[in-house]
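Contents: one structure, followed by commentary.
The values are calculated or read from the model by the stated rules, or taken from the named source; none is laboratory data. It should be emphasised that the depicted structure is a prediction, and the values quoted were computed from it without experimental measurement. Backbone-built Cβ (ideal geometry, glycine too); neighbour counts: all protein chains shown. Just so you know, the surface numbers come from the protein's heavy atoms only, side chains and all, with ligands and any DNA or RNA stripped out. Shrake-Rupley method; radii C 1.70, N 1.55, O 1.52, S 1.80 Å.
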Amino acid sequence: VERRAQIDLIEDVIPLYNRTVKVRWEGKPGRVYLAPSRQEVSYTYADGVVCVSVPEINGHQMLVIERQEG
């Protein structure tokens, strides 16, 4: 066996709490929630930016921003 590189892998999931995510968005969103749980999350919208506080990220988390109808 020939070792060409030293790589350290961290396989433990380290949860993150109350992380802020900002996304440029055209127009006020209709709904913002986490998937697949469909848990609604509070957000603010100002100057073309949606600002969301995600309560917990445990390995990965999907955030859904829906366009406002009408």
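If you place +1 on the Cβ of every Lys and Arg, -1 on the Cβ of every Asp and Glu, and leave all else neutral, what size is the dipole of the chain about its Cα centre, to the nearest 20 Debye?
Value, rounded to 20: 200 debye.
Looking at (i) 13.6; (ii) 12.9; (iii) 14.3, which value of Kirkwood radius over Cα pairs in Å comes from a calculation on the structure shown?
Given (i) 13.6; (ii) 12.9; (iii) 14.3, the structure-derived one carries the label (iii).
At a 1.4 Å probe, what is the % contribution of carbon and sulfur to the accessible area of the chain?
Looking at the chain in its full context, I get 47 percent from C and S.
For the chain, which GluC sites (Glu not before Pro) are in a loop by DSSP, counting at most 13 other Cβ atoms within 10 Å?
On the way: sites: Glu2, Glu11, Glu26, Glu40, Glu56, Glu66, Glu69; in loops: Glu2, Glu11, Glu26, Glu69.
Here the sparse-neighbourhood loop sites are Glu2, Glu11, Glu26, Glu69.
Run the quick spin-label model on Ile10 and Ala46: label points 7 Å from Cα toward the beta carbon, then report their separation in nm to one decimal.
3.3 nm
Tell me which of Gly70, Tyr45, Asn18 sits at the most positive position along the dipole axis of the chain, charges placed on C-beta atoms (Lys, Arg +1; Asp, Glu -1).
About the Cα centre, the residue reaching furthest to the positive side is Gly70.
Within the chain, what's the longest stretch lacking trypsin sites (Lys or Arg not before Pro) that sit in DSSP loops with no more than 14 other Cβ atoms inside 10 Å?
Numbers: sites that count: Arg3, Arg4, Arg38.
By the stated rule (loop sites, at most 14 other Cβ atoms within 10 Å), 5-37.
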